[in-house]
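Trainee: Encoded as C-alpha cells, here's the structure I'll be asking about.
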Amino acid sequence: MMKGRPMSFLRPRHALRAALAVLGAFLVGALAPLPGQAIQLRTGEVLVGEVVDATSEGLSFRRLDTGGFLELGWNDLSTLHAARIKRLKGLVVADDDEPTLVADVVLYLIGGVARDEVVGLIQEYTKTHVLLKRKGDVLPIKREAILRMRKREVPVLEVYTGEEYYQLKLSESEPGEDADKHIALGEEMRRVGGFARAEEHLTRAEELGGGRQASQLPIMLQRVRTLREAEAERELLAQIRIMRNRKEFSRAEELMAEFRQTYPDSRLMAELDREESRFDEALAEHAVERLRQAWDQTVRRVADEKVRDDSVTLASARAYAEDKMSDDVFGRIARSLELEPDAVEKYWSERESHGRGRAIVYTYGVGSWVLGADKIIAGTKAEGGGGGPGGGGGEQDPELDRIIRKLRDLQNQQRRAGGGGAGGAPREESEEDWWRKASRNDRAGWLRAYFAEFGGHMEIAAAYSNPCPNCEASGTISVLGDSGREQKLKCPVCHGTKFTRLFRAR
C-alpha cells in the first residue's frame with residue numbers, strides 16, 4: 001500500500017497544473033482581456049465576456065450575454081484557465097510543465113470482447129470508420145466497435161512524435177532571424193525532451209544577439225546541455241513524468257526513490273525536485289477528486305451497515321456519528337485508494353484548495369423533530385422569521401417529495417389507529433420510540449444527515465426548513481374531544497417543531 005505523501009510536503013510554487021486540467025483547452029487561445037474572451041469554470045460551464053481585473057484573490061468578469069459582473073475566486077475556474085489568466089495578468093511566472101493539448105480519446109472493442117483505449121486526433125469520419133491520427137500513423141477504428149468518445153488533456157508527446165511536434169511548432173513560429181522566436185521554440189522543445197533541437201535554436205538565438213532574454217540565454221543553454229549529457233537520468237525523469245500523467249502514483253514514487261538512490265550526485269537533481277513537486281500536487285488533486293467521487297457513496301454504506309444492528313439506539317447513533325463514523329468512512333476510502341487513512345483525512349481537510357466541489361443533499365426526513373425546533377431551522381430563513389417552503393428559500397428536491405409522502409402516510413396511519421380523532425390525544429412517542437419504529441432506510445438517512453452536519457468533516461452550503469405538511473407549520477392539530485368540542489393538540493408528526501430539515505453539504 002502506498003503511504004501517501006502528507007499535505008505538509010506539498011509545494012505551493014506550482015499550484016495550478018495544466019496536466020490535471022480537463023477539457024476546454026481549445027478555448028484558451030483567446031485569453032486576452034478583450035470582449036468575447038471565453039473562460040471555463042471548474043464545473044465545466046463556459047462563460048464568454050471580459051476579464052476586467054485580476055488579483056491574488058480572484059478576478060472580476062463581465063459577461064457578454066447579460067452584461068453582469070461576476071466576482072470569481074481562482075478555485076472557481078478550471079485549473080488550466082486559472083493558470084493561464086494568472087500568467088497573462090503577471091500574477092505568476094510561467095510554469096515549466098510539459099506542453100499539453102486536448103486530444104480525442106476513443107474507447108472501443110477489439111474482437112467484440114476486449115476493450116482498448118487510444119488517444120490521438122480525429123482526422124475524419126467515414127461511413128464505417130473513425131480515422132484517428134497518433135504519432136505519425138492514422139488508425140482506422142470501426143464505428144460499430146466504438147463504446148465512447150471524449151476529450152482529455154494529455155502531454156503532446158502522447159499524440160505526436162518528437163519530430164512531428166517540432167515541425168508543427170517550427171511552421172507555426174517561423175523564427176527566421178528573430179532571436180526571441182528561436183528562444184521560445186528552443187524552450188518549447190526542451191519541455192518535450194527535444195534537447196538537441198532546443199540547443200540548436202538557443203545557440204542560433206545567441207548568434208542573433210540574444211533578443212530580450214540575452215542575460216538569461218547562457219543559463220538556458222547550460223541547462224539544455226546538461227540535460228543532453230545526462231541521458232540515463234533524463235530517461236528516468238521521463239518515466240517519472242509518464243507515470244505521473246497516467247496517475248500511476250505508486251510507480252512514480254518508486255522511480256523517484258530510485259533516482260535519488262542511483263544518482264545522488266546528479267546534475268539533474270533540480271529537475272527531480274521539480275518532478276517531485278508536480279507529483280505531490282498531482283497526487284493531492286487526484287486524491288481529492290477520487291475522495292469526492294467516493295464520499296457520499298461511502299457514507300451511505302457505512303450508515304446502512306450501522307443501522308442493520310437493531311441494538312443501536314438513537315443515542316448511540318448520535319455518538320457514533322460525532323466520533324467514530326469518520327474513522328470508518330476514511331478507512332474504507334483509504335483501502336480503495338491504496339492510501340493510509342491519515343493521508344486520506346488530510347487530503348479531505350485540504351479539499352477546498354482544489355475547488356469547492358459539488359454540494360450533496362441530506363435530510364433527516366420524518367425524524368427531523370428529534371433535533372429540536374431550534375436545530376431544525378438553524379441557518380434557514382425560518383430562523384429569522386421567514387416562512388413558506390424551504391423557510392422562504394424555495395428549495396425543492398425529489399427527496400423532499402418522498403419525505404412529504406412519508407409524513408402523510410404516517411398521519412393516515414395515526415388516524416386509522418385512532419390517534420387523531422375523538423377519544424383524546426395519542427400517547428406522545430419518545431425519541432427512542434421513533435428510532436425503534438422507523439424503517440431501516442429512515443434510520444440510515446437520518447444517521448447520514450447527522451454525520452454530515454455534526455461529524456466535523458463537512459461544510460453546510462445551504463439549509464432549508466420545510467413546513468410540516470400535517471400541521472402546515474402551526475405545530476398543532478385540531479381534534480374533537482370527548483365532549484364534542486374542538487381542542488388543539490401537539491402535531492403527532494413534527495411533535496410541535498413545525499418544520500422538517502433538509503440541507504446541502506460539501
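Trainee: Please tell me if GLU428 is closer than 25 Å to THR298 by Cβ, at pLDDT below 85 and of a type outside the set (Gly, Ala, Ser). If you could, list the steps in order and put the result at the bottom.
Mentor: Details: closer than 25 Å to THR298 by Cβ: no; at pLDDT below 85: yes; of a type outside the set (Gly, Ala, Ser): yes.
So GLU428 does not fit the description; no.
Trainee: Conditions first: (1) within 28 Å of GLU322 (Cβ to Cβ); (2) surrounded by 17 or more Cβ atoms within 10 Å (Cβ to Cβ); (3) not aliphatic (A, V, I, L, M). GLY456 passes all but one, so which condition is the exception?
Mentor: Failing condition for GLY456: (2).
Trainee: On to the next question. Hey, any hits in the range 466-477 for a residue that's in the same structural domain as GLU431 (by TED's automatic domain parsing), hydroxyl-bearing (Ser, Thr, Tyr) and in contact (Cβ under 8 Å) with a residue 24 or more places away in the chain?
Mentor: First, pick out the residues of the range 466-477 that are in the same structural domain as GLU431 (by TED's automatic domain parsing): 466-477.
Filter once more, so that each one left must be hydroxyl-bearing (Ser, Thr, Tyr): 474, 476.
Among the residues that remain, those that are also in contact (Cβ under 8 Å) with a residue 24 or more places away in the chain are: 474.
Yes, the range 466-477 has at least one match.
Trainee: Report, ordered by the first and then the second residue, all pairs with beta carbons closer than 7 Å, sequence separation of six or more or different chains, a first member in the range 174-195 that is at positive phi, and a second member that is assigned to a helix (DSSP H, G or I) and at pLDDT below 95.
Mentor: Correct list of pairs: GLY193/GLY162; GLY193/ALA238.
Trainee: Can you name the number of the only condition in (1) at pLDDT 90 or above; (2) surrounded by fewer than 20 Cβ atoms within 10 Å (Cβ to Cβ); (3) not polar (S, T, N, Q) that ALA205 fails?
Mentor: Only one criterion in (1) at pLDDT 90 or above; (2) surrounded by fewer than 20 Cβ atoms within 10 Å (Cβ to Cβ); (3) not polar (S, T, N, Q) is unmet by ALA205, namely (2).
Trainee: Within the range 103-127, count every residue that is surrounded by 11 or more Cβ atoms within 10 Å (Cβ to Cβ) and among the aromatic types (Phe, Trp, Tyr).
Mentor: 1
Trainee: Which of the numbered conditions does ALA257 fail, given that it passes all the others? Conditions: (1) assigned to a helix (DSSP H, G or I); (2) surrounded by 14 or more Cβ atoms within 10 Å (Cβ to Cβ); (3) aliphatic (A, V, I, L, M).
Mentor: (2)
Trainee: Any idea which residue in the range 374-398 is modelled with the lowest pLDDT, counting only those that are in a helix (DSSP H, G or I) and exposed (fewer than 14 other Cβ atoms within 10 Å of the Cβ)?
Mentor: Here is the first cut: in the range 374-398, the ones in a helix (DSSP H, G or I) are 374-377, 381-384, 389-392, 398.
Those still in the list that are exposed (fewer than 14 other Cβ atoms within 10 Å of the Cβ) too: 374, 384, 398.
On the way: ASP374: 91, GLY384: 64, PRO398: 51.
Restricting to residues being in a helix (DSSP H, G or I) and exposed (fewer than 14 other Cβ atoms within 10 Å of the Cβ), the top hit is PRO398.
Trainee: Let me ask something else. Looking at TYR165, TYR160, can you tell me which residue is aromatic (Phe, Trp, Tyr), out of contact with any Asp or Glu (no Cβ under 9 Å at 6 or more places or on another chain), under 24 Å from ARG246 (Cβ atoms) and buried (at least 19 other Cβ atoms within 10 Å of the Cβ)?
Mentor: Details: TYR165 fails: out of contact with any Asp or Glu (no Cβ under 9 Å at 6 or more places or on another chain).
On inspection, the qualifying residue turns out to be TYR160.
Trainee: At pLDDT 70 or above, in the same structural domain as LEU139 (by TED's automatic domain parsing), more than 21 Å from GLU158 (Cβ to Cβ) and outside any helix (DSSP H, G or I): is that true of LEU109 in this structure? Explain how you work it out, then say what you get.
Mentor: Values: at pLDDT 70 or above: yes; in the same structural domain as LEU139 (by TED's automatic domain parsing): yes; more than 21 Å from GLU158 (Cβ to Cβ): yes; outside any helix (DSSP H, G or I): yes.
So LEU109 passes the test.
Trainee: Quick one: which of LYS169, LYS86, LYS133 is at pLDDT below 90 and touching a Leu at 6+ places or on another chain (Cβ under 9 Å)? Spell out how you get there, then give the answer.
Mentor: Numbers: LYS169 fails: at pLDDT below 90; LYS133 fails: at pLDDT below 90.
Among LYS169, LYS86, LYS133, only LYS86 is at pLDDT below 90 and touching a Leu at 6+ places or on another chain (Cβ under 9 Å).
Trainee: Among (1) of a type in the set (Val, Ile, Thr); (2) closer than 30 Å to ALA287 by Cα; (3) in contact (Cβ under 8 Å) with a residue 40 or more places away in the chain, there is one condition THR262 misses while meeting the rest; what is its number?
Mentor: The single condition THR262 does not satisfy is (3).
Trainee: Within the set of pairs 6 or more residues apart or between chains, which connect a residue that is at negative phi inside the range 287-313 to a residue that is of a type in the set (D, E, K, R) and not in a helix (DSSP H, G or I) with Cβ atoms less than 8 Å apart?
Mentor: VAL288/GLU350; ARG292/ARG358
Trainee: Only residues that are acidic (Asp, Glu) and within 35 Å of the chain's Cα centre (by Cα): list them for the range 156-171, please.
Mentor: Let us first name the residues in the range 156-171 that are acidic (Asp, Glu), namely 158, 163-164.
Hits for the range 156-171 are GLU158, GLU164.
Trainee: Inspect all residues belonging to the range 183-197 and state whether any of them is in contact with a Pro (Cβ under 7 Å, 6 or more places away or on another chain), assigned by TED's automatic domain parsing to the domain that holds ALA232 and either at pLDDT below 90 or among the polar types (S, T, N, Q) (or both).
Mentor: As a first pass, look at the range 183-197 and keep what is in contact with a Pro (Cβ under 7 Å, 6 or more places away or on another chain): 185, 188, 191-192.
From what's left, assigned by TED's automatic domain parsing to the domain that holds ALA232: 185, 188, 191-192.
When the remaining residues are screened for being either at pLDDT below 90 or among the polar types (S, T, N, Q) (or both), the result is 191-192.
Yes: the range 183-197 contains one or more residues that are in contact with a Pro (Cβ under 7 Å, 6 or more places away or on another chain), assigned by TED's automatic domain parsing to the domain that holds ALA232 and either at pLDDT below 90 or among the polar types (S, T, N, Q) (or both).
Trainee: I need a count of the residues in the range 446-466 that are of a type outside the set (A, V, I, L, M, F, W, C) and either in contact with a Lys or Arg (Cβ under 7 Å, 6 or more places away or on another chain) or on the phi > 0 side of the Ramachandran plot (or both). Even if it seems obvious, please write down each step before you answer.
Mentor: Filtering the range 446-466 down to residues of a type outside the set (A, V, I, L, M, F, W, C) leaves 448, 450, 453, 455-457, 459, 464-466.
With either in contact with a Lys or Arg (Cβ under 7 Å, 6 or more places away or on another chain) or on the phi > 0 side of the Ramachandran plot (or both) added as a condition, the list becomes 448, 450, 456, 459, 465.
Residues in the range 446-466 being of a type outside the set (A, V, I, L, M, F, W, C) and either in contact with a Lys or Arg (Cβ under 7 Å, 6 or more places away or on another chain) or on the phi > 0 side of the Ramachandran plot (or both): 5 in total.
Trainee: So, one more: Among GLU340, GLU322, which is the only one that is touching a residue at least 60 places away in the same chain (Cβ under 8 Å) and under 22 Å from the mean Cα position of the chain (by Cα)?
Mentor: Unique residue meeting the criteria: GLU340.
Trainee: If I ask for residues that are in a helix (DSSP H, G or I) and over 27 Å from the mean Cα position of the chain (by Cα), which ones from the range 260-274 would you list? Before the answer, list the steps.
Mentor: Taking the range 260-274 and keeping what is in a helix (DSSP H, G or I), we get 260-262, 269-274.
Across the range 260-274, the qualifying residues are ARG260, GLN261, THR262, MET269, ALA270, GLU271, LEU272.
The values are calculated or read from the model by the stated rules, or taken from the named source; none is laboratory data. Just so we're clear, the structure is a prediction, and the values are computed from it rather than from any experiment. When we count neighbours, we look across all protein chains shown, and the Cβ atoms used for this are built from the backbone with ideal geometry, even at glycine.
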